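In what follows, a structure is listed as structure tokens, so that the remarks can point back to it.
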Amino acid sequence: MTATAPAPSPARAARATAYLPRLALVLAALLASLFTAASPASAHAALTASDPKDGAVVATAPAQVTLSFSEQVAMGDDSIRVMDPQGKRVDTGELRDMCSGSTVRYGTALHSGLPNGTYTVAWQAVSADSHPVSGAFTFSVGAPSATSVSLPDRQAGGGPVGVVYDIARYAAYAGFTVLVGGAAFILLCWRRGSAERPLQKLVVRGWVTLTAATLAMLVLRTPYTGSGKFADVFDLDGLQAVLETKTGASFVSRLLLLGAAALFIAVLFGAYARRQKTSAAEAVDGTGAGTGDEAAAEAEKETSDLAFGLAIGGTVVAGGIAATWALAEHASTGIQPGIAMPVDILHLLAVAAWLGGLVALLVALHKVPDIEREAVQRFSRVAFISVLVLAVTGVYQSWRQLGSWSALTGTSYGRLLIIKVALVAVLVAIAYLSRKWTGRLGEVRSTEEAEAGATGEEPAEVLAGADVSRETSTGSGTGSDAGADADPRRAAQLARQRAAREKAREKQVRDADPGRAGLRRSVLAEAGVAVVLLAVTTVLTSTEPGRAAQLETNRSTAGPAVPNRAVKITLPFDTGGQNGKGTVRLELDPGRVGANTLHLWADGEDGKPLDLPEIKIAFTLPAKEIGPLPVAPDRDAPGHWSASGVQLPLAGEWRIDVTVRTSDIDQTTVQKNVKIG
């Protein structure tokens, strides 16, 4: 047998209790830092292209503005706003859905006849995994100009509304974990706990927290994805619009499932708890033996059937609540959503069974004086299975969300994942210590009972309980208590004194087992790490997955090769008339996006400069449907033309059209494609 550790002294226990407020402050600081880092939430759908491009200068006003995204987004008629230099809207306010295949593109038409100047485009959307994204950029027509429009500095989902929404998200995860984990602990590990008031309060508080957090997120959804103002929680039109979205539907489904969970809790702590109390009383009194064996067996069967029904119903409800996250967040987007969503549900249920059961065990160790060693051992097995499920589902989720080893250290999602894995490892290490304390649980009590049986004496716990019963039974016959019956205030005072004595004796019995004290400390440490782990998980769900982040980086850095010298081309032409043959030599310096200087020379068949009556140049980017952008060069000398400030707004394969006229009726157009970086 393992040696029994010495019982902790009262002073040591007091010091340990004094550390609890400090531990709470440290955990609160960690949570605050995590939520500060999480607001605003990282973008999950990224703007990959726009037409016109950010900072582009176009020769003529475009007919529309289009935006392309890395994944599906939800947009409304007011999601894209285009403003002139004075801040007046110049778009029609009608959203154009231009998505085709894997291309996610939206646009809005502009009013005709827009003057030259700098225009501001502000956009806002909700990505497929329910997180809001927004941004702004400018483009210019003709030439840049001063503008009174300032780019918004607040990202969607940020500000005070974003902080409150993130807190509600954390509370929802915590409430789900406590609700599901506490109920699972009772049904799988300690059925007698259904009749214990502290565990009943724990599970009910988990239900209340999850319900309140879901309602808060539902009413905050409009300002969270829109204006960022708390006053918009009263916008009924906005609430109706939210209910029509995937996220709104998930909130409503969760609330309906929480109604079913309330019925489950009522049965668990009602009929089932009463049967557990009856069984426990019969076991103590011995009334279940002898002639009542058949009735006791029937009652036991009914209790087992009720427990089985509760387990099935509770699993269905818990899985449904977990599905409201899986269907609306990361698992519903990206690759393999059909596999990712069931895996995410299993992951959430395993987290709840482990961490929520851990909280229930901690409450039982602190509040219930006689939890059995077998209950702790059963939870240890449940936790082990939960960790195995977490490992398998976590590996798949990590592969799906990261996509490469470089994303593990090169993205915020990967770094948070490393922190989460480290916290899980710490939890497993502390759980190993808890298993050792579980082996020592009840050793002192078993020794005392054995010694008492040998000497014919009652154990200390039984004597303490007898003292309480004796005081309760004999106290009513004393003169003071008889007088108390006539004095309600005195009766209430005596009742409080008896309750205080009973509580003190329960604490004395509870603290007499050093194995229990050690287990309580290790489980408290596990719970503290679990709080931080849950916070990291909440932040992780609002962080752009590594695969998407790397894709966005690759798209922003990739592009056509940038030439290291000016673009030079030679084009032969033949207008068909007299002296209609020759060549034009065009040079575009530096041959990049932005302003360029253009030079063009025309030579006849004899190689001498050819002074043409007229020459025109146009640039077109067919891939982006930009152009033709006309350029009218100035004549510098016979056979030589030039133009400065030739603006090319985007990189890509540009087509250069050169129109040559050698007489009043002889004209031709020649063209060539060049790569502009």
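Grab the other residues whose beta carbon is less than 10 angstrom from that of residue 226, score K and R as +1, D and E as -1, and report the net.
-1
Rg and Dmax of segment 199-241, using alpha carbons, in Å: what are they?
Taking only Cα atoms of segment 199-241, I get Rg and Dmax of 13.6, 42 Å.
Straight-line reach from residue 616: which lysines fall under 24 Å, measuring Cα to Cα and dropping same-chain residues less than 8 apart?
Cross-link targets: 568, 581, 608, 624, 672, 675.
May I ask you to derive the FRET efficiency for residue 409 and residue 150 from their Cβ-Cβ distance with R0 = 41 Å, giving the value to the nearest 0.05?
0.65
Mind giving me the FRET efficiency for residue 418 and residue 54? R0 is 45 Å, r the Cβ-Cβ distance, nearest 0.05 is fine.
Computed FRET efficiency for residue 418 and residue 54 comes out at 0.85.
State, to one decimal in nm, how far the label point of residue 670 lies from the label point of residue 229, with both points 7 Å from Cα in the Cβ direction.
Those two pseudo-labels are separated by 6.2 nm.
Enumerate the lysines that residue 367 could reach by cross-link, defined here as Cα to Cα under 28 Å, with residues fewer than 8 away along the same chain left out.
Cross-link targets: 201, 277, 436, 503, 507.
Given a 1.4 Å probe and the protein chains all in place, what does the accessible area of residue 571 round to, in Å² to the nearest 10?
Accessible area, nearest 10 Å²: 10 Å².
I want to check the label-to-label distance for residue 491 and residue 603. Put each point 7 Å from Cα in the C-beta direction and report it in nm to one decimal.
12.0
Which residues' amide hydrogens lie under 5 Å from the amide hydrogen of residue 96, considering only partners 5 or more residues apart or on another chain, with H built in the peptide plane?
107, 108
Per-residue accessible area for residue 327 at 1.4 Å probe radius, Å² rounded to 10?
90
Mind ordering 630-636, 651-657, 238-244 by average Cβ neighbours within 10 Å, highest first?
651-657, 238-244, 630-636
How much length would be gained if the chain were fully extended between residue 215 and residue 615, taking 0.36 nm per residue of separation minus their Cα-Cα distance, in nm to one decimal?
137.2 nm
Express the relative contact order of segment 575-677 as a whole percentage, based on alpha carbon pairs under 8 Å and six or more residues apart in sequence.
30
Stretched out fully, how many nm does the piece from residue 311 to residue 64 gain, at 0.36 nm a residue minus the Cα gap?
83.1 nm
As a test of reading the structure, rank 312, 665 by solvent-accessible area (1.4 Å probe, protein chains only), most first.
Order by accessible area, largest first: 665, 312.
Using a 10 Å cut-off on Cβ atoms, rank the peptides 576-588, 209-221 from the highest mean neighbour count down.
209-221, 576-588
How do 121, 180, 252 stack up against each other in accessible area, from largest to smallest, with a 1.4 angstrom probe?
The ranking, largest first, comes out as 252, 180, 121.
In nanometres, what is the gap between the two model label sites at residue 426 and residue 89, each 7 Å from Cα along Cα-to-Cβ?
Result: 5.0 nm between the two label points.
Could you please report the charge total around residue 645, scoring K, R as +1 and D, E as -1 over all other residues with beta-carbon less than 14 angstrom from its beta-carbon?
So the environment of residue 645 carries a net charge of -1.
Count charges around residue 114 for me, please; just the other residues with Cβ under 14 Å from its Cβ, Lys/Arg as +1, Asp/Glu as -1.
Here the charged neighbours net out to 0.
For a label point 7 Å from the Cα of residue 245 along Cα→C-beta, name the residues of segment 194-224 whose backbone N is under 19 Å from it.
Label zone hits: 213-224.
Got a number for the accessible area of residue 384? Probe 1.4 Å, square angstrom, nearest 10.
For residue 384, the solvent-accessible surface is approximately 130 Å².
Work out, step by step, the length gained on full extension between residue 644 and residue 433: first 0.36 nm times the residue separation, then minus their alpha carbon distance; give nm to one decimal.
Roughly 68.4 nm would be gained on extension.
The values are calculated or read from the model by the stated rules, or taken from the named source; none is laboratory data. What you are looking at is a predicted structure, and each value in this text was computed from that prediction instead of being measured. Backbone-built Cβ (ideal geometry, glycine too); neighbour counts: all protein chains shown. SASA here: full protein model, heavy atoms, side chains in, ligands and nucleic acids out. Shrake-Rupley method; radii C 1.70, N 1.55, O 1.52, S 1.80 Å.
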